[in-house]
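A.B. asks: Pasting a structure below so you can have a look.
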């Protein structure tokens, strides 16, 4: 792969990582929704007060499961927590996605 493509690819990965970091920081600090502790599950972002990674929630939704099915399988997560996470993700997407991507 040419060096220019590698640099461009690396820059795009860095942008994505920064967006993810911003999302986690926003959720963790503004909403007290996510806990990140290096001593708990290796620092994996968890729903606050649980040992449930937030990635589990998105995996469930992505695979076609409902919020209710997720909550049934992870009863330590509250409905409010799940809905807050969806609302924050929605706000982040609306702020970050330029209109030309949907033309």
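A.B. asks: Just subtract the alpha-carbon distance of residue 72 and residue 40 from 0.36 nm times their residue separation and send over the number in nm, one decimal. Walk me through the numbers before you get to the answer.
C.D. replies: On the way: separation 32, 0.36 × 32 = 11.52 nm, distance 2.30 nm.
Here the segment from residue 72 to residue 40 would lengthen by 9.2 nm.
A.B. asks: Also: Find how much the distance from residue 62 to residue 89 grows on full extension, using 0.36 nm per residue of separation minus their present alpha carbon separation; answer in nm with one decimal. Let's see the in-between values first.
C.D. replies: Working: separation 27, 0.36 × 27 = 9.72 nm, distance 1.36 nm.
Gain on extension, residue 62 to residue 89, equals 8.4 nm.
None of the figures in this text is laboratory data; all of them are computed from the coordinates on show. Quantities reported herein were computed from a predicted structural model and do not represent experimental measurements.
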